Amino acid sequence: MRTKGFTLIWVLIMLVVLAAVSGAMLQSANTSDRTARAVARGALIRIQERNTLTYSQRLLEANAGSLLRALPAPSAFAAGDIQSQLQHQVDDWCPRDVDGSGSQVLIYFASTACGTALPAGHRAPAVQLKNSGPDLWTMEAEFLLVAGPSTHPTVRRGLLSASYGASPASTYALLSTGDTTLDSRVQIQGDAHVDGHLTLRGPVELSGALSTSNCQVVTSGCVGTAQVTLSDARTSAMSILPTPAHPAGLTGTLGFGQAGETAAMTLPTLSGLTIVASTVDLGVLSSGEQYIRACVTVMVCTTYLGTADGALRLGNVQNAPLISAWNGVIGITPVGGEVVIRPVNPDAPSVSRSLSLVVTGAGAARIDGNLMYTQTSCSADACTPDLTHDALSLQASRVTVTSRTVRTHATVITDQFIVTAPLTLFGSLIGTPAGISAQLSIQTDARARTGFAPVGVPRLAARWRQSAVTVDP
C-alpha cells in the first residue's frame with residue numbers, strides 16, 4: 001500500500017508540473033501572438049506612412065509647374081505672399097485619401113497645412129528670394145512632407161527651386177521649339193526646356209532642370225498634358241518611376257506644366273554692319289581688338305576692327321571709322337547660300353567682345369574650327385568666363401559644325417544644328433536638335449542668369465520657370 005501511495009503522490013506532482021508548464025506555454029504563445037500582431041501592425045503603419053509620403057512627393061513633383069504659374073511676381077517683400085500662395089494651392093489636395101485608409105496629404109510650405117499645425121520640434125519652412133540680376137530672381141521654397149500620428153509623425157524635408165524674370169533665352173543650355181528626343185549623345189550641364197513633346201531614350205546626362213510644356217501648338221502660354229515618352233511608351237507624370245521628377249536614366253530633375261517659352265520670346269532690334277561674304281574669319285589682336293575678315297572670294301576681302309572704345313573701323317583703310325558706337329551685330333548675306341565662319345588661329349581666342357553674327361534670310365552657316373572667348377578658361381571641357389564682355393551669338397536657318405571643330409563658345413540660334421563629330425558647346429542651343437550624330441556636350445554660360453548675353457539673343461517673357469523639386473532621403 002505504501003508503494004501505491006508513493007506512486008500516486010509522484011503522479012500528482014507530475015500532473016501539477018505538466019499543468020504549470022502547459023500554462024506557461026499557453027501564456028508564452030499568447031504573448032508571442034500579441035507581439036507578432038504588434039510588429040505586423042507597426043510594419044503596416046510604417047508602410048502606410050511611406051506610401052503617403054511617396055504619394056505626396058509625386059503629387060508635388062507632377063504639379064510643380066502649375067504651382068509656379070500661379071505665384072505672384074517676386075519683390076523684396078513678396079516672400080510671405082509666395083509662401084501663403086504655395087500653401088493655399090497644396091491645401092487643395094487635403095481631401096485626397098491616399099490609400100483608402102484615411103491617410104491625408106500633408107504638405108507644409110508654411111506652419112499650418114490642411115488646418116493642422118506643424119508637428120512640434122520641427123523648424124517651420126521658409127522661402128528665400130535672391131536678386132540675381134536686373135529684374136531677375138531665384139527662389140528656394142522649403143517644404144515638409146508629413147505622415148503618421150501627430151505624436152510620432154514621419155517627416156521629410158525638401159526644396160522647391162525656381163527662377164523668375166525676363167532672362168535671356170541663353171539661360172537655358174538647350175531651348176527647343178518643337179518635339180525633341182534626348183539620349184546619351186547629348187550631355188547638358190545646365191537647364192533645358194522643350195516646348196513640344198519630350199522623348200527620353202536611354203540614359204540622359206543633365207545637371208540641372210529639364211522642363212517640358214508638351215504643347216501641340218506652341219503659343220506663349222500653352223501647356224499640354226503632363227506626360228513624356230520614355231523609350232517608346234508615352235507615360236503620364238504620376239506613373240513615372242522612380243518619381244515624376246526623377247525618371248530612371250535622367251541625372252537631373254524633370255518638370256511638367258511650364259508655359260511655352262519660344263512663342264513668347266522677343267527678338268532684339270538688330271542693326272549694325274551688313275556684309276556679303278562667303279567666309280568670315282574671327283581673331284583677336286595682341287592689343288585686344290576684335291579682328292574680322294570677310295571675304296567674297298579668295299582675292300576680295302575686307303578687314304574690320306572692333307576697337308577698345310566700342311567703335312568699328314575698316315582695318316585695311318588706315319582704321320577708317322565706320323560705326324562710332326558699334327553694338328557688335330554683323331548681318332551676313334552668304335554667297336551661294338552658306339557662309340563659313342572660322343577662327344584665324346584654331347588654337348587661339350577668336351572673340352574678345354560681345355559679337356552677334358546674323359545670317360540673313362534662309363542662309364546657312366558652317367563653323368569650321370574652334371571659336372573661343374578671350375577671357376574664358378577651360379579645363380577638362382569645363383569652362384568659366386572670367387569677365388563679362390566676351391560673348392558670341394550665331395543665328396542662321398541651319399548651322400553645320402565640321403569635324404575640325406572641337407569646341408565652340410557661342411549661343412547658337414537655328415532650326416537645324418548638325419553635328420557629325422564630338423563637340424563641346426559652351427553657351428546655349430536655341431532650337432530643336434536635328435542632325436546630332438556625335439557626342440554633343442552643352443555647358444551653359446552662367447552669366448545668362450545675371451541677364452548678360454550678346455545683343456542677338458532673344459529675351460524670354462517675365463515669368464516663373466525652371467522648377468526643381470528635391471526631397472531629402
Practice item. List every residue pair whose Cβ atoms sit under 8 Å apart, with the two residues 6 or more apart in sequence or on different chains, where the first one lies in the stretch 219-232 and is on the phi < 0 side of the Ramachandran plot and among the polar types (S, T, N, Q) and the second, anywhere, is open to solvent by less than 30 Å² (accessible area, probe 1.4 Å) and part of a strand (DSSP E or B). Key: Gln227/Thr235; Gln227/Phe256; Thr229/Leu198; Thr229/Thr199; Thr229/Leu200; Thr229/Thr235
Check your understanding: (1) open to solvent by less than 10 Å² (accessible area, probe 1.4 Å); (2) at negative phi: which one isn't true of Leu159, the others all being true?
Key -> (1)
Check your understanding: Which residues, taken from the stretch 200-235, are in a strand (DSSP E or B), open to solvent by 20 Å² or more (accessible area, probe 1.4 Å) and closer than 13 Å to Gly249 by Cα?
Key -> Glu205, Leu230
Exercise for review: Would you please name the residue that is surrounded by the fewest Cβ atoms within 10 Å (Cβ to Cβ), looking only at residues in the stretch 262-288 that are under 36 Å from the mean Cα position of the chain (by Cα) and part of a loop (DSSP other than H, G, I, E, B)?
Suggested key: Thr269
Review point. Hey, does the stretch 325-342 have a residue that's more than 27 Å from Asp415 (Cβ to Cβ), exposed (fewer than 15 other Cβ atoms within 10 Å of the Cβ) and touching a residue at least 24 places away in the same chain (Cβ under 8 Å)?
Key: no
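Would you pick out the residues in the stretch 441-470 that are among the aliphatic types (A, V, I, L, M), touching a Pro at 6+ places or on another chain (Cβ under 9 Å) and surrounded by fewer than 21 Cβ atoms within 10 Å (Cβ to Cβ)?
Ala446, Val455
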Point to revise | Any chance Asp99 is among the charged types (D, E, K, R) and assigned to a helix (DSSP H, G or I) | key: no
Point to revise | strands (runs of 3 or more DSSP E) wholly inside the stretch 383-473 containing at least 1 residues that are at negative phi, under 19 Å from the mean Cα position of the chain (by Cα) and among the hydroxyl-bearing types (Ser, Thr, Tyr) | key: 407-413, 423-430, 440-444, 463-471
Check your understanding: Taking the stated definitions as given, is Ala362 modelled with pLDDT of 90 or more, of a type outside the set (D, E, K, R) and surrounded by fewer than 16 Cβ atoms within 10 Å (Cβ to Cβ)?
Key -> yes
Point to revise | Which numbered condition Pro119 misses (of (1) within 24 Å of Pro74 (Cβ to Cβ); (2) open to solvent by less than 40 Å² (accessible area, probe 1.4 Å); (3) without any contact (Cβ under 8 Å) to a residue 60 or more places away in the chain) | key: (1)
**Study point:** The one condition in (1) open to solvent by 10 Å² or more (accessible area, probe 1.4 Å); (2) touching a residue at least 24 places away in the same chain (Cβ under 8 Å); (3) charged (D, E, K, R) that Asp195 fails to fulfil
**Key:** (1)
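The values are calculated or read from the model by the stated rules, or taken from the named source; none is laboratory data. Model, not experiment: these values are computed from the prediction. Note that we place each Cβ from the backbone using ideal geometry, even for glycine, and neighbour counts take in every protein chain shown. For accessibility, only protein heavy atoms count, side chains too; no ligands or nucleic acids. Shrake-Rupley method; radii C 1.70, N 1.55, O 1.52, S 1.80 Å.
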